[in-house]
Each structure stands twice: as structure tokens, then as C-alpha cells.
Amino acid sequence: MRAGRLIHLTRLLQARGQMTASELAAELEVSTRTVLRDIEALSGAGVAVYSVRGPNGGFTLLGGTDAETSAWPVRSSSGARATVRLSPQGRRVATLLGRPRIQRVRRTAGPDGWVEATLRFDALDAAVHELLALGPEVEVLRPADLRKRLAASARHVAALNGAAGDGGRLRGRGSA
């Protein structure tokens, strides 16, 4: 029974993208705690399930057919690397959060105090979320696919929060 539920859970995430634990529990007719145990089991088996925190959070699968994610590992012990520029404030925030994992910092800082750093991530979506937390204190130099995804995510955040008086909804969207 559990194996079938794990397959069903995986197919739900593939078909619908992101879903909350409560939504998954209702679909699978199990408790939320059972869904969390199943997510943990899938993750332990190497299925790239990623959790997104916050009011619009949930679970999603990584490493789909999107060409942008194909160069990044779905799940890896070594992870993927990115080269970024970090402001002094960005370095402080990364140190306080413990994320992103800074592997190396080039000692030569520019006149503005920004430094070039090599960061390690487990997957592209994780890299995007961790770098978004640094806001304007980070610039991705390489790889290009991470730079593009970060820019797209930042535009989405700006669209969600930029229009005044629309209740946080994107323009053109109806009420949910």
C-alpha cells in the first residue's frame, strides 16, 4: 500500500507542480503527518522533493524536463558550484544564515567592497531560493542558467509585491 501511495504522491507533484502537505493528504486520504513521512522517504530514496516555506509554500519536484535544470544535479553529495559577487552586507547575511555555502572567497575586493565568491548548492531551485534571501547584495556571474532563473524569480517577486492596492495578486489574475 505504501509503495503505491509514494508513486501516487510523486505523480501528483509531477502533474500539479507545487502542493501543500494538506492538499496531498486530502488527495491521498491520509494524515498530514503520513505525507511528511512519505516525503522524507522519497527524499531519502533520491527523489528530488523540495519544500518551499511560507504562506504560498508546499512541496515540489526538482529536475524536471526544463533545460535550465538539466545541468544541475537533482540530488548530489558534491553539489553544483556558482560564482557570484557579494557585497559586504551580503557576506554578513550569508554568514548569519549559514546559507548559501561559501566555498571560497577571492581576497581581492573591488573598490566598492564586493568580492567574488564560489558557492555550492545541491540543486538549481535551492540556489535560487538561497540567493533570493540575499536580495540586491548578490550578483550571479556563472552559471548563466542560475543567473536567468534568479532574474526571473526576482521579477516574479517584484510583480507580486509591486502593484499597490491589488491584494498581492498579479495584475490580470482573478480572485482565487
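Quick notes on this one:
- Averaging 1/r over each pair of different alpha-carbon atoms in the range 95-160 and inverting the result gives 12.7 Å, the Kirkwood hydrodynamic radius.
- Pairs of Cα atoms nearer than 8 Å and 6+ residues apart set the relative contact order; for the range 80-162 it is 37 percent.
- Under 11 Å, Cβ to Cβ, from Arg120 - net charge with Lys/Arg +1 and Asp/Glu -1: +2
- Panel values: the range 2-61, Kirkwood radius from alpha carbon pairs, Stokes-Einstein at 10 °C and 1.306 mPa s, translational diffusion coefficient 142 µm²/s.
No lab work stands behind these numbers, since they all come straight from the coordinates. These figures come from a predicted structure and were not determined experimentally. Neighbour counts run over all protein chains shown; Cβ positions are idealised from the backbone, glycine included.
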